[in-house]
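Visitor: Structure in structure tokens, see below.
The values are calculated or read from the model by the stated rules, or taken from the named source; none is laboratory data. This structure is a prediction, so every number in the text was calculated from the model and none was measured. Heads up, the Cβs are rebuilt from the backbone with ideal geometry, glycines too, and the neighbour counts pull from every protein chain shown.
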Amino acid sequence: MPRYFFNVLHRSTESDTDGVEFPDIYAAQMAAVRLCGELIKEIDGEFWEAPLWRLEVTSHEHKVLFTLTFTAEEHGSATLD
């Protein structure tokens, strides 16, 4: 079964050295979406301090298979009247 590595890039790179086995890339994509939701929830307000966040999923050969990218932008006043 192929092994996929989930590397987080937000302010610094957190490389996945263990990886996770999935039957195919589609299962890895579903896991990546779930992982992104969990991690963004955990970083909470820190997201705004470095508003570009990426998850790169690589193969055991270190080839980037797909990337999920999240950005945040404030426009105008941050408060509503």
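Visitor: So which residues in segment 53-69 are at pLDDT 90 or above and surrounded by 13 or more Cβ atoms within 10 Å (Cβ to Cβ)?
Guide: Across segment 53-69, the qualifying residues are R54, L55, E56, V57, T58, S59, L65, F66, T67, L68.
Visitor: Report whether or not E73 is free of Cβ contacts under 8 Å to residues at least 60 places away in the same chain and part of a loop (DSSP other than H, G, I, E, B).
Guide: Considered against the rule, which asks whether it is free of Cβ contacts under 8 Å to residues at least 60 places away in the same chain and part of a loop (DSSP other than H, G, I, E, B), E73 comes out as yes.
Visitor: Could you please find all residues in segment 19-39 being surrounded by 16 or more Cβ atoms within 10 Å (Cβ to Cβ) and closer than 12 Å to F70 by Cα?
Guide: Once the filter is applied, which keeps residues that are surrounded by 16 or more Cβ atoms within 10 Å (Cβ to Cβ) and closer than 12 Å to F70 by Cα, segment 19-39 yields C36, L39.
Visitor: Additional query: For segment 1-52, name all the residues that are part of a strand (DSSP E or B), modelled with pLDDT under 85 and hydrophobic (A, V, I, L, M, F, W, C).
Guide: L52
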